[in-house]
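Novice: My questions all concern the structure below.
The values are calculated or read from the model by the stated rules, or taken from the named source; none is laboratory data. As the structure is a prediction and not an experimental result, all values here were calculated from the model. So basically every Cβ, Gly included, is an ideal-geometry build from the backbone, and we count neighbours across all protein chains shown. Just so you know, the surface numbers come from the protein's heavy atoms only, side chains and all, with ligands and any DNA or RNA stripped out. Shrake-Rupley method; radii C 1.70, N 1.55, O 1.52, S 1.80 Å.
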Amino acid sequence: MTNAPEFKAVRARIFGKVQGVWYRGWLQSKAQPLGIYGWVRNRTDGTVEALLCGPPHVVDRMLALCMRGPETARVERIETETAKGIAANRFEVKPTV
């Protein structure tokens, strides 16, 4: 028997050449089939921010995909923290903040 949680929520900040390269649309297109819910948005500092919620192994897989990103992106690093909020049962692109 394991005590591993069945749900994981992570807020990720993605750094590098991640704006103007279809990163948000790409992330949404990958998250939905995996059953990830949450959101993604550009930030005015040039990063992309995402809330990824779902089973731990699926969230971890999505984070690994985020490190690659779409073909034209150049991801330098991803900073993550445990998320405290809950997202709706869908994945959406939000406006820039």
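Novice: Excluding residues on the same chain fewer than 8 positions from LYS17, give the aspartates and glutamates whose Cα lies under 18 Å from its Cα.
Specialist: Answer for LYS17, where 18 Å is the Cα cut-off: ASP45, GLU49, GLU71, GLU76, GLU79, listed by chain and number.
Novice: Given a 1.4 Å probe, how much area per residue of the chain is accessible, in Å²?
Specialist: Heavy-atom SASA per residue in the chain reads 60 Å².
Novice: If packing is taken as the average number of other Cβ atoms within 10 Å across a peptide's residues, how do 56-67, 14-25 rank, most packed first?
Specialist: 14-25, 56-67
Novice: Here's a follow-up. For the chain, the longest stretch holding no GluC sites (Glu not before Pro) located in a DSSP loop with at most 13 other Cβ atoms within 10 Å is which?
Specialist: That gives 7-70 as the longest site-free run.
Novice: Moving on to the next point. Percent of accessible area on the chain owned by carbon and sulfur, 1.4 Å probe?
Specialist: Carbon with sulfur: 49 percent of the solvent-accessible area.
Novice: Give the angle, between 0 and 90 degrees and rounded to the nearest 10, that separates the Cα long axis of helix 56-68 from the longest principal axis of the Cα atoms of the chain.
Specialist: Long axis of 56-68 versus the principal axis of the chain: about 20 degrees.
Novice: Note the angle between two axes, namely the Cα long axis of helix 23-34 and the longest principal axis of the Cα atoms of the chain, as a number of degrees from 0 to 90, rounded to the nearest 10.
Specialist: That helix lies at roughly 20 degrees to the long axis.
Novice: From the backbone phi of the stretch 36-50, what are the Karplus-calculated ³J(HN,Hα) couplings (6.51 cos²θ - 1.76 cosθ + 1.60, θ = phi - 60°) in whole Hz, Gly and Pro given as x?
Specialist: 6, 10, x, 7, 9, 7, 6, 10, 5, 7, x, 8, 10, 10, 9
Novice: What are the extents of the Cα atoms of the chain along their three principal axes, listed from largest to smallest and rounded to whole Å?
Specialist: In descending order, the Cα extents are 45, 23, 22 Å.
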